[in-house]
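Please treat every number below as a calculation from the coordinates, not as lab data. What you are looking at is a predicted structure, and each value in this text was computed from that prediction instead of being measured. Positions of Cβ are backbone-derived with ideal geometry, glycine not excepted, and every protein chain shown enters the neighbour counts.
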Amino acid sequence: MKNYRTKIISNQEISPGYFRMKILAPGFGENAHPGQFIMFRVQRSLPPLLRRPFGIFRTGFLPADCDGLPPKEFVEIVYKVVGRGTTIMAELHEGDRVELLGPLGNGFDCKSCQGGKILVGGGIGLVSLYMLAGELVANGCSVRLLMGGRSRDDIFAVTEFERLGVETYVSTDDGSLGEEGLVTQVLLRKLQKFPGAEVFACGPMPMLRAVHDICVANKTPLQVSLEESMACGVGACLGCVVKGAGHTEENPSYLCTCKVGPVFKSQYLDWTSLGQDDSNCRGCA
Amino acid sequence: MKEPTKTTVKRPNLVVEIAGIQLRNPVMPASGTFGYGEEYAPFLDLEKIGAIVTKGLSLKPKAGNPTPRIAETISGMLNAIGLQNVGIDAFIKHKMPFLRTVNTPVIANFFGNTLEEYGEVARRLNDIPEIAGAELNISCPNVKQGGIVFGTDPRAASEVVTLVRKHLQKPLIVKLTPNVTDITVVARAVEEAGADAISCINTITGMSVDVHTRKPRIANRTGGLSGPAIRPIAVRMVHQVVQTVAVPVIGIGGIVRPMDALEFLIVGAKAVQVGTANFVDPTAMMTIIEGIEEFCIEEGIDDIHQLIGSLKL
């Protein structure tokens, strides 16, 4: 992990309210694992004061220029405009100077390739699954991706996921794209068809909770990627903690989302408390 | 900086001494914003900063407050972490081995739930030779016991400092809260009780509400406000304390840029602590140290002491 003082390569709206940003980051890719994140400094001046955490969508190299220089390496994020920080981000252009810290945190454990893999992504949660899908396919796993959203606007990068060799299934609450309904009903069907599968999920807390309940009922291993508001991203501020399994008043267990997570094996979390503070408006000072 | 100037001009002396602890420069992290040092080792050279100040330590490990614990506000942040820490024993066992390898003075911040616990932690800190000094926290606004109960009442403050002083043979810095009507009263009390230095200010109690849910934005309801938003208040209070006590004062509160640190030094702080800025930019302290050095060169100052307390009134 490193602090990059760097610049934007591109910043484009890909779906209403969703943007893709490519940022120049030499040497980033070799240290980045699926499920890790960056802390992004929106602009040099204050406010907004704090950096914002974003899941890494992918890393890669730009096509080499004809000037003979080595190809430029980038990290790419996808973000949804929700508050002040992301509103400012949406206005940024190629060449604008930004700072990012990363790659941070513990990503997905994707070494085992027993059985099939089912990835469940809700809205912006799809971001953290792209590199994971790529790695799982490269390891020879058969990967099915269930993409869920409120409407078609929340579904992005379908073709890119498919190009990795992933089977995709889309569902939306309003039926504007794919099947009408919740992504979890698709998950229930897939688990019946592939009972030995391992599940990976990233998305809003109600979705994660439902996926957790389904996986517990089906005795299916589950890894979840959490999103919490955080100040530092490196384990110093202790602002992003979640309760671990077995947490009690007398014997408390708080885990840093930034350092122990953001990806957790779901059995290590205290699901009775998770998401209780979901109404907390994230970073919208 | 222009190259020719840099090679011909002598680098200013930034060394300061706080309560017998020699610092290579007056910049150190504020407790609770720098973990136990190791968290920031990937981003900056720990041997370039003046000192390392640890997260507040207690006798037993402390779990901290429920979540959400932080909320961003205009040019600041509210936090109510609740002094989560590994406890003094785990600190000695797991955190000290790394800190021993770093050639920078380590200042252990500590607190107790009771008067007795303050004394006991002080005793334990004595047994760690590599700890250069201790910073006594009597100012955390976010826990019921430990901290602010002692820091807002001059008599209670005096009592805890007297007790800790009895048990601690190392330099003792006492960290004060701004959540009082007159900070100079508490400052005088802790000086008389034996503090070797005073650091101020801790965070200012604040509150923020989510208008959609109508709930407080942090679970503890109130939290401590930090960041650039509080800097003018901090500068004012440091100025008042410097005018009141003879012991050295460490200035804290919203320092983000070099010129922010300079403000505190000019009003008379002998050193400064950088807090929230570490979250914003993990290399912030390096930028601040370099900026102080450049300022001295530009102003023809060859020793930082020429700047400290040079406020013109």
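Residues that are crowded, with 20+ Cβ neighbours inside 10 Å and part of a strand (DSSP E or B) occur at least once in region B:84-98. Only one entry of B:N202, B:N179 meets the criterion of being under 19 Å from B:H239 (Cα atoms) and either acidic (D, E) or surrounded by fewer than 21 Cβ atoms within 10 Å (Cβ to Cβ) (or both), and that entry is B:N179. For region B:16-71, which residues satisfy the criterion of being in contact with a strand residue (DSSP E or B) (Cβ under 7 Å, 6 or more places away or on another chain), at positive phi and either buried (at least 24 other Cβ atoms within 10 Å of the Cβ) or more than 11 Å from chain A (Cβ to nearest Cβ) (or both)? Residue satisfying the conditions is B:A19 alone. Of the helices (runs of 4 or more DSSP H) lying entirely inside region A:142-250, those carrying at least 1 residues that are within 14 Å of chain B (Cβ to nearest Cβ) are A:205-217. From the list A:L136, A:L208, A:L191, the one residue that fits, being surrounded by fewer than 21 Cβ atoms within 10 Å (Cβ to Cβ) and farther than 30 Å from B:P282 by Cα, is A:L191. Would region B:91-102 turn up any residue that is in contact (Cβ under 8 Å) with a residue 60 or more places away in the chain, out of contact with any Phe, Trp or Tyr (no Cβ under 8 Å at 6 or more places or on another chain), more than 9 Å from chain A (Cβ to nearest Cβ) and not polar (S, T, N, Q)? Yes.
Listed here are the residues, each with its yes/no results for (1) without any contact (Cβ under 8 Å) to a residue 24 or more places away in the chain; (2) more than 19 Å from A:T168 (Cβ to Cβ); (3) among the hydroxyl-bearing types (S, T, Y).
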| position | (1), (2), (3) |
| --- | --- |
| A:V42 | no, yes, no |
| A:S45 | yes, yes, yes |
| A:P70 | yes, yes, no |
| A:G83 | no, yes, no |
| A:T86 | no, yes, yes |
| A:G122 | no, no, no |
| A:M131 | no, no, no |
| A:C141 | no, no, no |
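Every test in (1) more than 22 Å from B:L176 (Cβ to Cβ); (2) in a loop (DSSP other than H, G, I, E, B) is passed by B:A269 save one, and that test is (1).
Out of curiosity, is B:N65 part of a loop (DSSP other than H, G, I, E, B) and closer than 21 Å to B:L307 by Cβ? It is false that B:N65 is part of a loop (DSSP other than H, G, I, E, B) and closer than 21 Å to B:L307 by Cβ. Number of residues in region A:7-36 that are in contact with a Pro (Cβ under 6 Å, 6 or more places away or on another chain) and either within 19 Å of A:I88 (Cβ to Cβ) or in a helix (DSSP H, G or I) (or both): the value is 1. The residues of region B:185-212 that are of a type in the set (A, V, I, L, M, F, W, C) and within 21 Å of B:T162 (Cβ to Cβ), listed by number, are B:V185, B:V186, B:A187, B:A189, B:V190, B:A193, B:A195, B:A197, B:I198, B:C200. The set of residues in region A:17-73 that are crowded, with 22+ Cβ neighbours inside 10 Å and aromatic (F, W, Y) comprises A:Y18, A:F28, A:F37, A:F40, A:F54, A:F57. Note on region A:46-88: enclosed strands (runs of 3 or more DSSP E) holding 2 or more residues that are over 16 Å from the mean Cα position of the chain (by Cα) are A:58-61, A:73-80. Only residues that are in contact (Cβ under 8 Å) with a residue 24 or more places away in the chain and either over 14 Å from A:L188 (Cα atoms) or touching an Asp or Glu at 6+ places or on another chain (Cβ under 8 Å) (or both) were counted across region A:210-250, and they come to 22.
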